[in-house]
1. Of Val428, Leu415, Tyr439, whose Cα points farthest to the positive end of the dipole of segment 403-442 (charges on the beta-carbon: +1 Lys, Arg; -1 Asp, Glu; origin at the Cα centre)?
2. Using 0.36 nm times the number of residues separating Glu416 and Lys192, minus their current alpha carbon distance, what extension gain do you get?
3. Out of these labelled values of semi-axes √(5λ) of the Cα gyration tensor in Å, (i) 88, 38, 18; (ii) 39, 23, 20; (iii) 57, 29, 29, which was calculated from the coordinates shown here?
4. Count the DSSP beta bridges whose two residues both fall in the chain, then state the antiparallel fraction as a percent rounded to the nearest 5.
5. I'd like to know which of Met16, Met42, His59 lies farthest towards the positive end of the charge dipole of segment 11-87, counting +1 on Cβ of Lys and Arg and -1 on Cβ of Asp and Glu.
6. Let me know the charge dipole size of segment 201-349 about its Cα centre in debye, to the nearest 20, where only the beta-carbon of Lys, Arg (+1) and Asp, Glu (-1) is charged.
7. Show which aspartates and glutamates lie in cross-link reach of Lys452 when reach means a straight Cα distance below 13 angstrom and same-chain residues fewer than eight apart are skipped.
8. Mind checking the angle between helix 349-377 and the chain's longest principal axis? C-alpha axes, 0 to 90 degrees, to the nearest 10.
Amino acid sequence: MPEKILSFKKRVVSPMADFEVAISLDSLIAYLELKPNTPGKMYTSEEVHNVLVKEGIAHGVLSEQIDHVVDSFNNLGQVLEPVIIAKGTPAIPGKHARVDLNFTIAVKADLKEDEDGNIDYRELGLVNNVEKGQLLARKTPSVEGITGLDIYGETVQPPHIRDDNFVSGKNTTVSEDKLECYSAIDGQVILKKKMIHVSPIFTVAHDVDFRTGNISFNGSIIINGNVLSGFTVKAREDITVMGVVEAATLIAGGNIFVKTGFKGGDKGLMKAKGKITTKFVETGSIECYGNLLVETSIINANIICYADVQVTRNKGLIVGGDVKCVGDIYCNELGSKLGVTSHVTLGDKFIIRQRMEETQEEITNFQKRYAKIKSSLIPVQSMLKSLDSFPPDKKSQFEAILKQQELLKAQIEQLESKKKKLMTLYNVVCKSKLHVKAYTYPNSSITIGTSKRTINSQTVNSSYYEDPISKVIAIGTYSPPNK
């Protein structure tokens with residue numbers, strides 16, 4: 001007997017004990033096994049059917065199989081292996097509900113090699129960034145199973161179906177059919193007991209170091225420690241650092257706030273689309289589009305600020321380095337008693353000058369290309385007057401060259417016009433002012449608009465501005481910033 005039918009729920013023996021019907025454990029299959037014990041025995045299909053009826057087997061009876069077994073013995077004397085003579089209808093299993101998450105639950109360090117096989121251990125990729133509108137989870141609903149019938153005609157129930165679901169938490173939305181969950185904001189996705197949240201803030205409980213690696217986040221970042229040298233922190237919104245920023249890089253789409261200070265070590269950079277606020281700045285680079293608010297000092301730093309710079313508490317010192325500011329600069333002291341060279345530039349002229357230089361470079365490049373084409377056309381200049389007489393391929397070739405020449409000419413004229421407008425802006429008197437509450441020390445270099453002045457003797461309580469008539473830097477009385 002085959003291994004698959006060694007165990008049975010029941011065995012039914014015929015009245016003459018010359019055949020046996022075995023019932024499977026699940027009552028879905030009945031097997032017929034002939035056991036001839038009388039010489040010259042002949043079987044009938046009716047005998048088998050009678051046993052089935054007496055046993056109550058009424059569903060899925062395979063009459064042809066019964067006839068085949070009986071005929072094989074009666075005609076050929078073959079006693080076949082147990083043969084299936086009744087087969088119930090099994091229940092069709094359903095499908096469990098399933099929730100597929102479109103994000104990583106446990107974020108682990110993902111170290112990657114560059115083309116040379118080097119690994120940057122600062123790039124760990126530990127932040128679960130998501131975008132507004134991003135799919136976070138999708139539920140596949142359960143499918144109910146279909147009941148069956150065993151060989152006794154009894155109902156066979158399908159296996160139990162489990163349901164599953166997600167829970168929509170803060171800053172998430174759910175589709176109308178309740179099957180999909182989306183992020184409502186840019187941020188970090190968090191899963192807590194099947195509840196999906198999106199946080200606009202990523203918090204670091206300690207320093208940014210090799211435990212965290214570099215951080216790049218779609219929202220705001222709060223760091224309850226320092227940012228160590230060599231690491232990079234990028235946020236689409238604000239960055240807050242409760243400690244010191246060393247020779248690291250901070251780039252924010254919003255504001256940057258550093259509670260302690262910035263020790264850039266000539267390599268550090270802080271760049272913000274909004275304002276930057278910090279206690280002090282030492283030997284680093286800063287670029288911000290909002291105000292730069294420094295509590296105590298800016299020392300040997302390179303600053304570009306597209307609004308106002310204020311260093312007005314305690315010493316309020318700007319010494320060394322190069323501070324460029326589109327708006328006004330307010331400080332208590334500029335330079336030092338030791339005569340350290342300190343450069344400050346106010347107004348937008350340095351930006352306009354850079355754009356003028358870039359425009360002139362473009363003009364020069366286009367002029368070179370124009371001159372090259374013009375030179376190549378000199379030998380055929382007289383022939384170009386009768387261009388229609390050229391063979392089609394030559395005509396097309398020269399038409400393309402002439403069209404390119406005209407395009408270059410138009411581009412040069414456009415750039416010349418742009419340069420002229422920039423020059424007009426460059427010559428407008430600058431309204432930005434430098435306000436020094438206490439001392440301006442000798443060797444301080446001040447550029448306002450197009451005018452430049454180097455301080456030769458110490459001044460006190462002064463404001464510096466570009467005189468609109470004489471176009472020189474004049475000195476007036478100090479005026480404090482508007483609160």
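Read-outs: derived from the displayed coordinates by stated rules, not from any lab. In this text, all values refer to a predicted model and were calculated from it rather than measured experimentally. Note that each Cβ is placed from the backbone with ideal geometry, even for glycine, and that neighbours are counted across all protein chains shown.
1. Tyr439
2. Values: separation 224, 0.36 × 224 = 80.64 nm, distance 6.12 nm.
Length difference between fully extended and current span is 74.5 nm.
3. Recomputing semi-axes √(5λ) of the Cα gyration tensor in Å here gives the entry labelled (i).
4. Working: 51 of 126 bridges.
If I count the DSSP bridges inside the chain, around 40 percent turn out antiparallel.
5. Met16
6. Numbers: 15 positive and 14 negative charges, 13 e Å.
The dipole magnitude comes to about 60 debye.
7. Within reach: Glu466, Asp467.
8. 80
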